[in-house]
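First comes the structure, then the notes that go with it.
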Amino acid sequence: MLATATATAIALGAPQAEAQSNQPKLKIVVCGGHPGDPEYGCGGTVARLTSLGHEVVLLYLNNGGWPPTSPTERIAEAKKACEILKARPLYADQENGHAIVDNAHYESYAKLLNAEKPDLVFTQWPIDNHRDHRALTMLTYDAWKNSNQSFALYYYEVSNGEDTLQFSPTHYIDITDQEAMKRAACYAHASQTPDRYYKLQDDVAAFRGIEGGYKRAEAFILQLRSPNDPLRLLMRP
């Protein structure tokens, strides 16, 4: 099921940004179990993509509400984070901590995702300690499979070692220049103790940077049988 290609370091420097502006604009959906997951896992990549004029949607499986934090508060935080990243929020309307994976939810989730007509989709890694993350991945993978692999599918990591396990990247994206924007988007989720969780995720970014040859990087795995590899093309040096 999962890609095993040799990991490839991919970067976009300032001289290449102008050339990229002439490429067709793509539709990208970043799926996360809760508000904050896409921001922490690949907020730097989202910032880079939107800066190039690509359209990005953050699709959350649920609204993140969990006592004492209300759904209204979490939705407001996600709205602020998306504004910082220049992305659009979208919700699959499941309940935090009670993800359902059955035929009805496979169908409703696929309908929601496919209505966006994405060129590429990022989702969470299936080996993860949070059941909402695992459920999200199964729903996203099923939507991809039953769309006849109509979009490129990538996996991202969150809080590696605490949530994500056994993650072996195929792509590294340099986010050194986007770190401040990613930090702001993550700190927009003020109810979620960002002082603790951002430090953990930033340690992951620093480690992936060492692997990829950058100060900070975000790492991804390309799903085998994806129709193409637009992330490589978008970020080609």
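The values are calculated or read from the model by the stated rules, or taken from the named source; none is laboratory data. Just so it is clear, the structure is predicted and the values come from calculations on it, not from any experiment. Neighbour counts run over all protein chains shown; Cβ positions are idealised from the backbone, glycine included. For accessibility, only protein heavy atoms count, side chains too; no ligands or nucleic acids. Shrake-Rupley method; radii C 1.70, N 1.55, O 1.52, S 1.80 Å.
In this calculation the C-beta distance from LYS27 to ASN148 is compared with R0 = 22 Å, giving a FRET efficiency of 0.80.
Using the Cα centre of the chain as the reference point, and only Cβ charges (+1 on K/R, -1 on D/E), how large is the resulting charge dipole? Debye, rounded to the nearest 20. Don't skip to the end; give the middle numbers.
On the way: 23 positive and 28 negative charges, 100 e Å.
Charge dipole, the chain, about its Cα centre: 480 debye, nearest 20.
By DSSP, the beta bridges lying fully in the chain are antiparallel in about 30 percent of cases.
Projecting the Cα positions of ASN114, ALA76, ILE100 onto the charge dipole of region 71-167 (unit charges on Cβ atoms of Lys, Arg, Asp and Glu, taken about the Cα centre) puts ASN114 furthest along the positive direction.
Would you rank LYS182, LYS80 by solvent-accessible area, highest first, keeping every protein chain in place and using a 1.4 Å probe?
Details: LYS182 5, LYS80 115 Å².
My answer, sorted largest first, is LYS80, LYS182.
Is the chain rounded, prolate or oblate when judged by the Cα gyration tensor, a ≥ b ≥ c being the square roots of its eigenvalues, rounded requiring a/c under 1.5 and prolate requiring a/b larger than b/c?
Working: a/c = 1.41, a/b = 1.16, b/c = 1.22.
Taking the square roots of the gyration eigenvalues as a ≥ b ≥ c, the chain is rounded.
Note on the chain: helix-only mean residue ellipticity at 222 nm, from DSSP H runs of 4+ residues weighted -39500 (n - 2.57) and normalised by residue number, equals -13000 deg cm²/dmol. Exceedance of the 21 Å cut-off in Cα-Cα distance is limited, within the set LYS27/LYS145; LYS27/LYS111; LYS86/LYS145; LYS25/LYS117; LYS25/LYS79; LYS80/LYS182, to LYS86/LYS145; LYS25/LYS79. Under the rule a/c < 1.5 gives rounded, and otherwise a/b versus b/c splits prolate from oblate, where does region 67-124 land using the Cα gyration tensor? Oblate shape, in that a/c is at least 1.5 and b/c is the bigger or equal ratio.
Picking from GLY41, ALA135, ASN62, whose Cα lies most toward the positive end of the charge dipole for the chain (charges on Cβ: Lys, Arg +1; Asp, Glu -1)? Going by the charge dipole, the pick is GLY41. Report the relative contact order of the chain, percent, no decimals, based on alpha-carbon pairs under 8 angstrom and at least 6 residues apart. Computed value for the chain: 28 percent relative contact order.
Distance from the alpha carbon centroid of region 107-150 to that of region 59-102 works out to 16 angstrom.
Let me spell out the model: positive unit charges on the Cβ of Lys and Arg, negative unit charges on the Cβ of Asp and Glu, origin at the Cα centre of region 125-237. What dipole size does that give, in debye rounded to 20?
220
State which stretch of the chain is the longest one without any exposed GluC sites (Glu not before Pro), exposure meaning a DSSP loop state and at most 15 other Cβ atoms within 10 Å. No qualifying site falls inside 1-94, the longest such stretch. Sort region 52-185 into rounded, prolate or oblate with this rule: let a ≥ b ≥ c be the square roots of the eigenvalues of the Cα gyration tensor; rounded if a/c is under 1.5, and if a/c is not under 1.5, prolate when a/b is larger than b/c, oblate otherwise. The shape class here is rounded. Residues ARG196, ARG74, sorted by accessible area with the largest first, give ARG196, ARG74 [1.4 Å probe; ligands and nucleic acids excluded].
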